[in-house]
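Report on the structure given below.
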Amino acid sequence: MFITTGNTSLVFDDDSGNASPSSVNNMQQIVHIWKAGTFTVIYFPVEEITILWDQRTTIHLQIGPKWQ
């Protein structure tokens, strides 16, 4: 899976749920990544974007009210 937000590009290329070393993280952009049950959660607090990924084929996207 490949996620790009702003100047940050996250690459998840295995089943570990951890971002690959080939990922590019803009140090000014805040990104939180953690495991929650079977999902890997990728949270961008400033952008109000949360991505839940089951490390296979399912992705849930939650966006904050500023995107309405």
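The values are calculated or read from the model by the stated rules, or taken from the named source; none is laboratory data. Bear in mind the structure is a predicted one, so any value in this text is a computation, not a measurement. Neighbour counts run over all protein chains shown; Cβ positions are idealised from the backbone, glycine included. Side chains are part of the model used for accessible areas, which takes the heavy atoms of the whole protein and leaves out ligands, DNA and RNA. Shrake-Rupley method; radii C 1.70, N 1.55, O 1.52, S 1.80 Å.
A few comments on the model shown:
- Size of electric dipole in the chain: Cβ of Lys, Arg +1 and of Asp, Glu -1, about Cα centre, debye, nearest 20: 140 debye
- Among the protein heavy atoms, those of T38 account for about 100 Å² of accessible surface (1.4 Å probe, every chain in place).
- Option label - Kirkwood radius over Cα pairs in Å computed here, alternatives (1) 13.1; (2) 12.4; (3) 12.8: (2)
- For segment 51-59, Karplus couplings with θ = phi - 60° (6.51, -1.76, 1.60), whole Hz, Gly/Pro x: 10, 10, 10, 7, 6, 9, 10, 10, 10
- Taken per residue, the accessible surface of segment 4-68 reaches 67 Å², heavy atoms only and a 1.4 Å probe.
- Filtered trypsin sites (Lys or Arg not before Pro), the chain: DSSP coil and at most 11 other beta carbons within 10 Å: R56
- Accessible surface of D54 - all protein chains present, 1.4 Å probe, nearest 10 Å²: 30 Å²
- Per-residue ³J(HN,Hα) for segment 2-13, Karplus 6.51 cos²θ - 1.76 cosθ + 1.60, θ = phi - 60°, Hz, x for Gly and Pro: 10, 10, 10, 9, x, 9, 9, 10, 10, 10, 10, 10
- Centre-to-centre, using Cα atoms only, segment 8-28 and segment 42-65 are separated by 14 Å.
- Taking amide H positions as modeled 1.01 Å from N, with prolines and chain starts lacking one, the residues under 5 Å from S20 and 5 or more places away or on another chain are V11, F12, D13.
- For segment 2-67, the share of accessible area belonging to carbon and sulfur comes to 57 percent (1.4 Å probe, ligands and nucleic acids excluded).
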